[in-house]
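To keep things clear, I will list the structure first and then write my remarks on it.
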Amino acid sequence: MPLAQRLEPWQAWLLTDGHAGNLRQAAALALALGVAASAPPLQPRAPWRWLAPRRLAGDAHAFGPAFARQLATGPLPRLAIGCGRQGALATRLLRARGVPVVQILDPRLDPRLWDLVIAPEHDDLRGGNVLTLPGSLNPVDDAWLAEGAARHPQLLALPQPRVLVLLGGPTRHAPWTVEGLQAQLGTLQRLLAAWGGSLLASTSRRTPPEAAAALHHAADGLPGLVWDGGDADNPYQGMLAAADLVLCTPDSVNMLSEACATRAQVRVLEPGLARGRIARFLQSLQARQRIAPWHELDAPTPAVPLRETARVAAQVRQRLGLPLQPAAD
C-alpha cells in the first residue's frame, strides 16, 4: 500500500517508555507544533528492550503485536516524536517506513539515524540535524499559566509573595542533603512570616520522607498549600502560575526548566553539590542570570522567563517542511 494511503490525517505519535518526564517533553513539542497527538503504548520486549535504540533482526516485533501490526498495515502517523531510548528505537522503525521522526534526548547513537534530534546543551551533542536548548522542552507559556490560574483561583488569592518549593530527590549527580534543606526552610519560614506571604509546595515520588516532613513543618502557621500526591487534582500548574519565587532542588532538569519558564525568581538548593551534566546545566542557567543559590533570598521581583519550546518547534517545522497549520486530508 502506498505510504500516502497509510498516513493518518495529521496525527503525531508520542513514543516513550511511559515515564512522565519523557512523555511530557514529547507532548510539549506536539502542542507547540499545533498537531494532534496520541501516545500508542509501547510494550518493550527482550532483547530489544535491553539494547534500544540499536536495531536487531525482527525488531518490528520489539514493542508487541499491536505495534507490529500497525507498522505493517497502518495507519501510520504523519510525524513521530520519540523521547528516551525505547522511543528512539520506535522512531527508527517508523523512519524506515517513510515517516518523518524527531528524537528528544541524546540517543547515544549517530544522530543521523533520525531526521532531527533535540538535545539539551549540557549533553554536548552536536550535528547538522541536532537542535539544542538550555534545558528541556515543556508546555509553560503565558497561555498555559493562565489555564493553571483559571483552574486554581484559590492559589492566586493567597497573600503575596507566594513562594513555591519544589522537591525532587537526591541523586548521584545532585546529592543535596535533608540537613541543608531543613536549614534553608527555617530561614524561609522566618522570611515569609516577615513578608506576610504564603508557602506553596510540591513533593515527588523521589522525595525522602524526612524531607517531606521538614517541608510540612515549615508550612505550619503559614497560609498556602503543600501537595504530596494525596489529591486527584494535581495543583502543580496553578502553583507555577501563582508563584512569585520558586525554590527547587537541583536534581531535575525538567522541574528547573519549567520553573525558569515562568516569571518567578528561581533559587536552587545546594547547587555547588551538583556534578556532571546537572552541574553544566545549572552553570548555564546561572550564566543567563536565571537562577541563584537558595540562600540568596530576598523579596522577589518578576524575572524574564526562559522559554525555548516555541523556538525549537519553529525549527522543527522548518527543517521537516511541516505546514504551519496542518489540515486534515
Can you pull the percent of the chain's accessible area that's carbon plus sulfur, 1.4 Å probe, other chains left in place?
-> 54
Extension gain, Gln43 back to Leu320 (0.36 nm per residue minus Cα-Cα distance, nm) = 96.9 nm
Alpha-carbon centroids, segment 74-146 and segment 183-228: separation in whole Å | 36
Karplus ³J(HN,Hα) for segment 23-33 (6.51 cos²θ - 1.76 cosθ + 1.60, θ = phi - 60°; Hz, whole; x = Gly/Pro) runs 5, 5, 5, 4, 5, 5, 5, 4, 4, 5, 7
With springs only between Cα atoms under 10 Å apart, run a GNM on the chain and tell me which of Leu23, Leu109, Leu158 wobbles the most.
-> Leu109
Could you give the angle, 0 to 90 degrees to the nearest 10, between helix 209-219's Cα long axis and the longest principal axis of the Cα atoms of the chain?
-> 50
Under a 5 Å amide H to amide H cut-off, with H placed in plane at 1.01 Å, what residues pair with Leu200 once short-range neighbours are removed?
-> Val163, Leu164, Val165, Leu225
In degrees rounded to 10, the 0-90 angle between helix 85-95 Cα long axis and the longest Cα principal axis of the chain is 30
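Please list the three semi-axes, largest first and in whole Å, of the ellipsoid equivalent to segment 177-258, using sqrt of 5 times the eigenvalues of its alpha carbon gyration tensor.
Details: eigenvalues 67, 52, 36 Å².
For segment 177-258, the ellipsoid semi-axes come out as 18, 16, 13 Å.
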Between 0 and 90°, nearest 10: helix 178-195 axis offset from the chain longest Cα axis = 60
Accessible solvent surface per residue of segment 84-183, calculated while the other protein chains remain in place, 1.4 angstrom probe, Å² = 38
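The values are calculated or read from the model by the stated rules, or taken from the named source; none is laboratory data. All values derive from a computational prediction rather than experimental measurement. These area figures cover heavy atoms from the full protein model, side chains too; ligands, DNA and RNA do not enter into them. Shrake-Rupley method; radii C 1.70, N 1.55, O 1.52, S 1.80 Å.
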